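Worksheet: one structure, shown below.
The values are calculated or read from the model by the stated rules, or taken from the named source; none is laboratory data. No experiment lies behind these values; they were computed from the predicted model shown. Using ideal geometry, Cβ is built from the backbone for each residue, glycine included, and neighbour counts are taken over all protein chains shown.
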Amino acid sequence: MTGVDQMEKQMIRIALEGGRPELARRGLAAAALRMLESGLRAVDPGEAVRRSVRREGASLWVGGREYRLEGGRVLLLAVGKAAGGMAAALEEILDGWIGGGLVTVPAGTAAPPLSLPVREAGHPLPDEASRACGEEAARLLRGARSGDLVLVALSGGASALWSLPAEGLGLTDLRETTRLLLESGAAIEEINAVRKHLELLKGGGVPLLAPSARFLGLILSDVVGDRLEAVGSGPTMPDPSRFADAWRILERRRILDRIPAAVRARLAAGRAGKLPETPKAGHPLFARGETLCVGSAQEAIAAILRSAQAQGFAAACLTSTLQGEASQAGLVLGNILREEALHGRPLPRPSALLAAGETTVRIAGKGRGGRNLELALGAASRLVGLEGVLLASLASDGVDGSSGVGGAVVDGESWKSAEAAGLDPDGLLAANNSLAFFQAVGGLLRTGPTGTNVNDFSLLLAE
Ligand SMILES: Nc1ncnc2c1ncn2[C@@H]1O[C@H](COP(=O)(O)OP(=O)(O)O)[C@@H](O)[C@H]1O
Ligand SMILES: O=C(O)[C@@H](CO)OP(=O)(O)O
């Protein structure tokens, strides 16, 4: 394979689909896709690992620190939506030094050819395969001895892909708790604070299960603010949350009385001090290793802005910490784009404004959709009647909620075309059926699973 073929193969393409061909033909949509594709390329997981890790003979150099490889085994546990790419880079860098391990990706994610076993497991809800992978990872960790080096290549999605229920809990308890949390509008730190108190591999589980081995966590971050203890529920990190926090989160999100009785009983016992807490910062376990971030949305943001500028747009990032209810965030972004179209503020046109982060959706209906689709639909009403504007919102992992697509674009005609087709856009939002809106008016963004995972990107373009 030539270098060019290789690049083509790695190139993630975003396809614009749907019922309005004039949208696809417009230059603005093509420009937006180029910007977003640049962003995704900048967070290629293999490249992220190669930027941070190098080997010289029997030494692995990471973040200015040397890890000697002889005198023990190297175990590689790669888990998350970007596990395939991260593991491939590490296998190449370590070239024969890896003595065992496991790679776990979400079902349906293509992984590159690897020497280590690759397993697929359930996401966003853990399944039997997640439990089998969690058990296998725990078996490998419990077998690790002093002198061994445990490498954990972690990316978002890991929480569901590895499941090892604490004593007294079953997989069904974890699935039901996760489902209620995901539908409650809770942020990922909240969801993971609960999961860390129900499962053994989360919240510092790696050094707990392999207390005498050295460990090194390499993280591709998909959490807002890059709080590493939240990514994949922090298997190599001290846990700042306590049983009492997990309890309060379930209360605040109004699901405490609906979670399985066994989960409630465990959290109640933990809160009463009858169960050991997860290990906290300063615990001696963490002296045997370190965890560092090899990539995050920040690299993608820089690449999107560079691509916008190269295409002649004035470009700025509005925020890299967008959170809150998706359709409300969309409404605000729609207002900002309206200001651009009407008054050329805050940037002179042609302009590209970017908001990155992770919104949430409080699920009340039974429709199909995702955060990015709801954000775009939320913006559409504020764009009505404007020409030369476009808002594109994309999940960097290529899968937006239950929609089966990666995101969507809206312009000044989307809302009206939906109404002309007899749809009620507000009703669709209320039913969490944003997919139906875009199936009718067009503008779906399809990538398939991208093999990487940082945040969501909402891009506002004005000609
Ligand atoms: N019909 C829907 N409309 C909007 N959002 C949805 C819908 N169904 C699920 N979601 C949201 O999708 C999220 C899970 O989707 P996913 O893209 O897998 O998240 P992540 O990328 O964070 O892993 C859930 O938090 C849920 O709130
Ligand atoms: O695994 C997880 O805990 C989260 C955050 O890292 O990822 P995702 O939202 O993709 O499931």
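In the range 67-85, is there at least one residue being assigned to a helix (DSSP H, G or I), more than 16 Å from ligand 1 (Cβ to nearest atom) and more than 26 Å from VAL194 (Cβ to Cβ)? Yes, the range 67-85 contains at least one residue that is assigned to a helix (DSSP H, G or I), more than 16 Å from ligand 1 (Cβ to nearest atom) and more than 26 Å from VAL194 (Cβ to Cβ). For the range 418-440, does any single residue satisfy the condition of being within 8 Å of ligand 1 (Cβ to nearest atom) and within 28 Å of GLY225 (Cα to Cα)? Checked the range 418-440: at least one residue is within 8 Å of ligand 1 (Cβ to nearest atom) and within 28 Å of GLY225 (Cα to Cα). Do we find that LEU373 is buried (at least 24 other Cβ atoms within 10 Å of the Cβ) and either touching a strand residue (DSSP E or B) at 6+ places or on another chain (Cβ under 9 Å) or in a loop (DSSP other than H, G, I, E, B) (or both) in this structure? So LEU373 fits the description; yes. Does GLY451 meet the test of being over 19 Å from the mean Cα position of the chain (by Cα) and farther than 15 Å from LEU36 by Cβ? Spelling it out, it is not the case that GLY451 is over 19 Å from the mean Cα position of the chain (by Cα) and farther than 15 Å from LEU36 by Cβ. Checked against (1) in the same structural domain as GLY232 (by TED's automatic domain parsing); (2) among the hydroxyl-bearing types (Ser, Thr, Tyr); (3) under 17 Å from the mean Cα position of the chain (by Cα), THR291 passes all but condition (3).
When each of LEU220, LEU200, LEU228 is tested for being touching a residue at least 60 places away in the same chain (Cβ under 8 Å), in contact with a Pro (Cβ under 7 Å, 6 or more places away or on another chain) and within 16 Å of ligand 2 (Cβ to nearest atom), the lone residue that passes is LEU220. Restricting the range 88-112 to residues that are over 21 Å from ASN453 (Cβ atoms) and outside any helix (DSSP H, G or I) leaves a set whose member that is farthest from ligand 1 (Cβ to nearest atom) is GLY96. Would you mind stating whether GLY134 is touching a residue at least 12 places away in the same chain (Cβ under 8 Å), crowded, with 22+ Cβ neighbours inside 10 Å and under 17 Å from LEU75 (Cβ atoms)? For GLY134, the condition - touching a residue at least 12 places away in the same chain (Cβ under 8 Å), crowded, with 22+ Cβ neighbours inside 10 Å and under 17 Å from LEU75 (Cβ atoms) - is met.
Tallying residues that are assigned to a loop (DSSP other than H, G, I, E, B) and either more than 15 Å from ligand 1 (Cβ to nearest atom) or surrounded by fewer than 24 Cβ atoms within 10 Å (Cβ to Cβ) (or both) within the range 224-247 yields 12.
For GLU340, state whether it is closer than 29 Å to ALA230 by Cβ, surrounded by 15 or more Cβ atoms within 10 Å (Cβ to Cβ) and among the acidic types (Asp, Glu). Spelling it out, it is not the case that GLU340 is closer than 29 Å to ALA230 by Cβ, surrounded by 15 or more Cβ atoms within 10 Å (Cβ to Cβ) and among the acidic types (Asp, Glu). Of all residues in the range 397-410, those that are within 11 Å of ligand 1 (Cβ to nearest atom) and either charged (D, E, K, R) or part of a strand (DSSP E or B) (or both) total 3. Would you call SER402 surrounded by fewer than 24 Cβ atoms within 10 Å (Cβ to Cβ) and outside the structural domain of VAL105 (by TED's automatic domain parsing)? Answer is yes for this residue. Taking the conditions (1) farther than 27 Å from LEU151 by Cβ; (2) assigned to a loop (DSSP other than H, G, I, E, B); (3) of a type in the set (Lys, Arg); (4) in contact with an Asp or Glu (Cβ under 9 Å, 6 or more places away or on another chain) in turn, LYS280 satisfies each one other than (1). Among the residues in the range 141-164, are any within 13 Å of ligand 2 (Cβ to nearest atom), farther than 18 Å from GLY204 by Cα and not in a loop (DSSP other than H, G, I, E, B)? There is no residue in the range 141-164 that is within 13 Å of ligand 2 (Cβ to nearest atom), farther than 18 Å from GLY204 by Cα and not in a loop (DSSP other than H, G, I, E, B). Of all residues in the range 379-396, at least one satisfies being assigned to a loop (DSSP other than H, G, I, E, B) and within 16 Å of ligand 2 (Cβ to nearest atom).
Checking each residue in the range 71-83 for being crowded, with 24+ Cβ neighbours inside 10 Å and either of a type in the set (Gly, Ala, Ser) or under 21 Å from HIS123 (Cα atoms) (or both) picks out LEU77, ALA78, VAL79, GLY80, LYS81, ALA82, ALA83.
For the range 316-337, the criterion of being within 16 Å of ligand 2 (Cβ to nearest atom), closer than 25 Å to ILE14 by Cα and not in a strand (DSSP E or B) is met by at least one residue.
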